[in-house]
Every structure is written in structure tokens, then in C-alpha cells.
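See structure below.
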Amino acid sequence: MQIQTQPVAVLRKRRRALVAQLPPLRSVLRGSLIERYKRCGKPGCKCADGPGHGPKYYLSVSFPGLRPKMDYVPQEAFKQVSELLANYQRTREILEQISEINRELLRRREAL
Ligand SMILES: [Zn+2]
């Protein structure tokens, strides 16, 4: 949507729709899933010839100026963690779009 060419009423309607699309805000998680395979080192284990046991998943979360923090994600939590990560991304996109609409309303001296 080209914000600059839209009537104010359309922008307000779009903003309402965006708010309604927000994921449940308790169900967000920042970070990304990392896939790892590991060789166990046991003599004769078949993993010695392949990539190793896995995949095992870790949640990697970055912080400014620090190394990323890694947490193991149990298989049974994988699906839910994936959903929470997607919710976080979606929330960020929606907030950005709402923010752009509000910036445009400000620019036009319209009520925020
Ligand atoms: Zn092994």
C-alpha cells in the first residue's frame, strides 16, 4: 500500500486491521532455530560415518555486543517454539506498518 496516496480514513481503517492481526503478545519469542548434528564418539556407532545424531535444535538469541545465547529446544517443544518465533516476526512487521501509518498522519497534521 502506498501510504502517501491514501486518504486518512483508509489509513485509519488499515491501522485498525493491523491491530486486529497482531498475534497474542504473550506468545512471542525472539531468536532463531539452529540445527545441529553431533557425533557421540562411541566406538562403532553408525554416526561416525554420517553427519552425527540429530537434528537437534537450539534457540539462538543475539544481544548487542555479546555472543548469541543458545538454549536447547526439546523435540516436543519444536513446533510451538517455531510458532512463537513466527509470531515475533509478524508482530515486528505489524508494528512497523502501524508506525509508518502514524508517521504519515503526523506528517499531515492529522490526529494520531
Ligand atoms: Zn553415535
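Please treat every number below as a calculation from the coordinates, not as lab data. Treat the numbers as computed from the prediction; the structure is a model and nothing was measured. So basically every Cβ, Gly included, is an ideal-geometry build from the backbone, and we count neighbours across all protein chains shown.
Could you check the simple spin-label distance between Tyr37 and Arg107, using points 7 Å along Cα→Cβ, in nm with one decimal?
5.0
Going 7 Å from the Cα of Glu83 in the Cα-to-Cβ direction, what parts of segment 14-46 have a backbone nitrogen less than 15 Å from that spot?
The answer is 23-29.
Over all directions, the average projected area of the alpha-carbon convex hull for the chain comes to how many nm²? Let's see the in-between values first.
Values: hull surface 43.8 nm².
For the chain, averaging the hull's shadow over all directions gives 10.9 nm².
Which whole-number percent is the relative contact order of the chain (Cα, under 8 Å, 6+ apart)?
Here the relative contact order equals 29 percent.
Show which lysines lie in cross-link reach of Lys38 when reach means a straight Cα distance below 29 angstrom and same-chain residues fewer than eight apart are skipped.
Here the lysines satisfying the reach criterion relative to Lys38 are Lys46, Lys56, Lys69, Lys79.
How much length is gained if the chain between His53 and Arg12 is pulled fully straight, taking 0.36 nm per residue apart and subtracting their Cα-Cα distance, in nm to one decimal? Could the numbers behind the result be given before it?
Details: separation 41, 0.36 × 41 = 14.76 nm, distance 5.22 nm.
Additional length available on full extension: 9.5 nm.
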